[in-house]
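Working notes for the structure below.
The values are calculated or read from the model by the stated rules, or taken from the named source; none is laboratory data. None of the values given here were measured: they were computed from a predicted structure. We place every Cβ from the backbone using ideal geometry, glycine too, and count neighbours over all the protein chains shown. These accessible areas exclude ligands, DNA and RNA; they are computed on the full protein's heavy atoms, side chains included. Shrake-Rupley method; radii C 1.70, N 1.55, O 1.52, S 1.80 Å.
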Amino acid sequence: MGRKFEVRKMAMAKTQGAKTKVYSKYGKEIYMCAKNGGADPQANLALRHLMDRAKKDQVPSHVIEKAIDKATAGAGEDFVPARYEGFGPGGCMVIVDCLTDNNNRTITDVRNCFTKTNSKLGVAGTVGHMFDHQAIFAFKGDDEDAVLEVLMEADVDVTEVECEEGMITVYAPHTEYNKTRTALTDHNPELEFEAEEISFVPQTETIVSGDDVVIFDKFMDMLNDCDDVQDIYHNATVERADAE
């Protein structure tokens, strides 16, 4: 079975509170990226790409600038990454990535999401080995062979190139992110990415259906409501009953 990449859109943008969550997520990431790699986006490629993604998700310029200014001034919190793994509703596998300045608060909040939805929080490595850490690029096109040739000529260690419904998706090891992006944009400077990210791609899928669907939705909502949660990865394929 070929893996189908679903371009992840933050399904939060209906309320101002949801927008604030998105702004906070990018603010933390930009702050840490600028603090660790420098505040000049021309010299810090990771920062430049992160800023581009933030703009695509309609994050205001003042939010981006404030995060960079905070990093430059040496002020602000010291966030550290935290990753939690376990099994969600229906037995699906879940990875939760956080940025936190208080580990005790974060683990308490994440554990609460698992326990209140009859899910099981595991230890590091519980499910991570069942995901591939991949750089993913999606853009409009219909000639995957030509894209593969471009990447191979640039000596990119590409994992897979797929084409479906006029959309090409490129998978490569996460360590090849910059090399892959550079090869694609050097070949076509006008290329616009529908998605460009480093993600955990599941090796298998778990069907979530019936009563588990409602619990799964609650589980995702609870995790998204946690201030420290940045990204959620899972292998669930949710089967919803047809609306009458």
Single residue of segment 72-87 satisfying the filter (touching a Leu at 6+ places or on another chain (Cβ under 9 Å) and not acidic (Asp, Glu)) that is nearest to LYS218 (Cα to Cα): PHE87
Residue list for segment 164-209, restricted to those being polar (S, T, N, Q) and either without any contact (Cβ under 8 Å) to a residue 60 or more places away in the chain or over 20 Å from GLU85 (Cβ atoms) (or both): THR169, THR175, ASN178, THR180, THR182, THR185, ASN188, SER209
HIS49, sole failed condition from (1) of a type outside the set (D, E, K, R); (2) in contact with a strand residue (DSSP E or B) (Cβ under 9 Å, 6 or more places away or on another chain); (3) under 25 Å from ASN235 (Cα atoms): (3)
Pair list, Cβ < 8 Å and 6+ apart or interchain, from segment 40-56 residues that are in contact (Cβ under 8 Å) with a residue 12 or more places away in the chain and on the phi < 0 side of the Ramachandran plot to residues that are outside any helix (DSSP H, G or I) and open to solvent by 20 Å² or more (accessible area, probe 1.4 Å): LEU47/GLY38; LEU47/ALA39; LEU47/ASP40; LEU47/PRO41; MET51/PRO41; ARG53/GLU197
Residue count for segment 71-86, restricted to those that are out of contact with any strand residue (DSSP E or B) (no Cβ under 7 Å at 6 or more places or on another chain), open to solvent by less than 70 Å² (accessible area, probe 1.4 Å) and not in a loop (DSSP other than H, G, I, E, B): 1
Residues of segment 157-177 satisfying the condition of being touching a helix residue (DSSP H, G or I) at 6+ places or on another chain (Cβ under 8 Å) and open to solvent by less than 10 Å² (accessible area, probe 1.4 Å): ILE168, VAL170, ALA172
